[in-house]
Amino acid sequence: MWDHTPPTAHSAFALRRRVPGVPLEEPVAVARALASRGFNADREAVTLLANAPDPAAAIDHAVEAAPPGNTRLTAADVRPAIDATAGAAARGSGPAGTDPSTTPGDTDSAAPADTADATGATSPADEASEHTAGPGGAATAVSTTGSDATGREGPDPSTAPPPDPSVSDATSTDSPGKAESDAEIPGSAPVETEGSGGGERDPSLRSVDVTGDITGRSTGTGRYQDFVSVFRDRYERLSRHLKGRVNHRATDTLSSAGGGGEAGLVGMVAEIDSTKSGHWMIDLEDTRGTFPCLVMKDKEIAEHVDELLLDEVIAVEGSVSDDGSILFVDDLHFPDVPRTYRPNTADRPVQAALVSDVHVGSQEFLADAWSRFADWLHTEAAHEVEYLCIAGDMVEGVGVYPDQDEELDVVDIYDQYEAFAEYLKEVPGDMEIIMIPGNHDAVRLAEPQPGFDDELREIMSAHDPRIVGNPATVTIEGVDVLMYHGVSLDEVIAELPEEKASYEEPHKPMYQLLKKRHVAPQFGGHTRIAPEEQDYLVMDEVPDVFHTGHVHKFGYGKYRNVLAVNTGCWQAQTAFQESVNIDPDTAYAPVVDLHRLDEPDPMTIYDFN
């Protein structure tokens, strides 16, 4: 049943140590300086300002000259400012009170110096691994000093060998996964000139469509009839994928047929019990009733019984007992991804960065790592990264778990979103950002979750992100990305055997959800589900990319050609997480080549620890 192809190689982003005393005229410093004035800017505009003779003066001039109401600067906006200040910088006399040697935005809020050295090292994937795991496997070897997310020590930069030019990822030499030279690192010599970073991106080439978004469509009132409607809708939609595979007969027909003969049944799992002899009795329910189905322990399909969750829809086929009371099961089917499935691809070279669980407001939010990520997004290596998908938990929230207030750096929920918006401004202004909420965000906890309300949207409006509900399918240039925060992964991991679902390999429970074609099959457990007229959690169409977060563990792989990625988090271990044995995988940013999804390895993993 399992069909996946492990990636062949990956490269880690080479971090570097900042030299004390050198002005931080890097793109992220410029972005941060603009953000402190309430502005954002396109990638090319930030690059131009960073390379201006007097960046601080150019920023001041560009901000002062901006038209009223315009908070996003373009390259056309900043060029006059750079020209106007270039002469004064050449004469060594900037505007009154301005020291040309100071860093733009060089205040107490500037990012602390990095502590990691560049090694440029890359590691090939562990091709012997059946599943392509995250930080636990060689495919995401860390090339920084100190310890990585798994506690392994990284190489000593003073003894690390130079990058082997023969080691690369599966992309061409222009891939962002290649080892970067000093000339490609912002703030190092030689300085990039105008037009660096690949030029201005062309937004007219982009397309984003959203389906399955509950935002503005919620009709549930919590009445009994709402629950009936949502489960009926689930059954009818998932049964379409199954009725053509078995000789389906309704439960009342099976009961009245008099017994004997071959039959099939499509139903929702209502109950699972084991008999004294070790066999399995599964009660399946359709719209007409419930019928018992017996799976003998010596049948090959018995191994799939421990994958079943209550309320999921499956199909069985076998023979009816002579008295017509039981269906003896010979085969069992899940809605599943067709074995013949092939992913869609974009028509041009374009990439999407996938992240989740930022948790701004926590004392353990990794602000420096986030700034390194934002810094990299301004470089030549990230020129093709035009989309940023964030799968929930923008902020740490308030009152989510016991004694959380003792671990907060920002205690007010609205102030947390204000702080998150400032960090979001460090991202290039011409990137398309798509966000869904998570269980720490200020939306209802029950799934499907609507997108943020108008007040929170206004707080985060400077970058104009596209905010949708959880879950939602976002079609990016023809590629279907199913974004789901991932609360149900806790339930899948708790219910299924460890070899089929675990926190250490979070892509495996994602495989199970793909197999069931539903992001949260079981009702009444850990996952809160809101009854609606239709079930927004069903996977009607097979996604090309399945993107989740929530569990704070990094893992990825392909299940029947669907790329499944759980993207870890940007929050170090909190006291609460330590108490419940959560050891997070932090500051990983997988970047997906949307035009290469049909290849074995369409993704490069970057480590910003």
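The values are calculated or read from the model by the stated rules, or taken from the named source; none is laboratory data. In this text, all values refer to a predicted model and were calculated from it rather than measured experimentally. All Cβ positions, glycine included, derive from the backbone under ideal geometry; neighbour counts span all protein chains shown.
Miscellaneous remarks
- Test: residue 30 is within 19 Å of residue 84 (Cβ to Cβ), buried (at least 24 other Cβ atoms within 10 Å of the Cβ) and touching a strand residue (DSSP E or B) at 6+ places or on another chain (Cβ under 9 Å): yes
- Count - residues of region 271-303 that are under 36 Å from the mean Cα position of the chain (by Cα), more than 21 Å from residue 234 (Cα to Cα) and in contact (Cβ under 8 Å) with a residue 12 or more places away in the chain: 2
- Residue check, residue 478 closer than 20 Å to residue 434 by Cβ and either in contact with a Gly (Cβ under 6 Å, 6 or more places away or on another chain) or at pLDDT below 95 (or both): no
- Residue match in region 524-545 (condition: at pLDDT below 95 and part of a strand (DSSP E or B)): yes
- Answer residue from region 232-254, given it is out of contact with any strand residue (DSSP E or B) (no Cβ under 7 Å at 6 or more places or on another chain) and of a type outside the set (Val, Ile, Thr) and is modelled with the lowest pLDDT among those: 244
- Hey, residue 340 among the hydroxyl-bearing types (Ser, Thr, Tyr), under 30 Å from residue 316 (Cβ atoms) and either assigned by TED's automatic domain parsing to the domain that holds residue 487 or over 22 Å from the mean Cα position of the chain (by Cα) (or both) or not: yes
- Counting only strands (runs of 3 or more DSSP E) wholly contained in region 271-359, the ones carrying 2 or more residues that are in contact with a Ser or Thr (Cβ under 6 Å, 6 or more places away or on another chain) and more than 30 Å from residue 593 (Cα to Cα) occupy 280-286, 289-295.
- Count - residues of region 433-466 that are crowded, with 21+ Cβ neighbours inside 10 Å and part of a strand (DSSP E or B): 5
- Taking the conditions (1) crowded, with 23+ Cβ neighbours inside 10 Å; (2) out of contact with any Lys or Arg (no Cβ under 9 Å at 6 or more places or on another chain) in turn, residue 344 satisfies each one other than (1).
- Screening the candidates 466, 457 for the property of being free of Cβ contacts under 8 Å to residues at least 60 places away in the same chain, within 26 Å of residue 32 (Cα to Cα) and charged (D, E, K, R) yields one hit, 457.
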